[in-house]
Amino acid sequence: MKKNQHVVPHQGKWAVKGAGNQKNTVITNTQKEDIDKARNIAIN
């Protein structure tokens, strides 16, 4: 079962964080870029 992914602000950038994870999966410059990455992670 795949975890939900959350897009959260992180030090002036945006981060993808898996539900229940303490560390960020990826950090990007834009929210849109992070949303695209989060979708891809959630699907795969």
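Residues whose amide H comes within less than 5 Å of that of T25, counting only those at least five positions distant or on another chain, are V16, K17, G18 (H built at 1.01 Å from N in the peptide plane). Here the Karplus curve 6.51 cos²θ - 1.76 cosθ + 1.60, taken at θ = phi - 60°, turns the phi angles of the stretch 10-26 into couplings of 8, 6, x, 10, 10, 10, 9, 10, x, 4, x, 7, 8, 9, 6, 7, 8 Hz, with x standing for Gly and Pro.
Amide H neighbours of H10 under 5 Å, at least 5 residues apart or on other chains, H built in the peptide plane: list them. So H10 has HN proximity to A15.
With N residues in the chain, what two-decimal value do you get for its Cα radius of gyration over 2.2 N^0.38 Å? It would help to have the intermediate numbers written out before the result.
Details: Rg = 9.5 Å, N = 44, 2.2 N^0.38 = 9.3 Å.
Output field value: 1.03.
Out of the chain, which trypsin sites (Lys or Arg not before Pro) are coil in DSSP terms and have no more than 15 other C-beta atoms within 10 Å?
Numbers: sites: K2, K3, K13, K17, K23, K32, K37, R39; in loops: K2, K3, K23.
Hits after loop and neighbour filter: K2, K3, K23.
For the chain, find the longest principal axis of its Cα atoms and tell me its angle to the long axis of helix 31-43, 0 to 90°, nearest 10. Taking Cα atoms only, the helix is inclined about 10 degrees. For the chain, the dipole from Cβ point charges (+1 on Lys and Arg, -1 on Asp and Glu) about the Cα centre works out to 120 debye, to the nearest 20.
Coordinate-derived values only; no laboratory data. No experiment lies behind these values; they were computed from the predicted model shown. Virtual Cβ from ideal backbone geometry, glycine too; neighbours counted across all protein chains shown.
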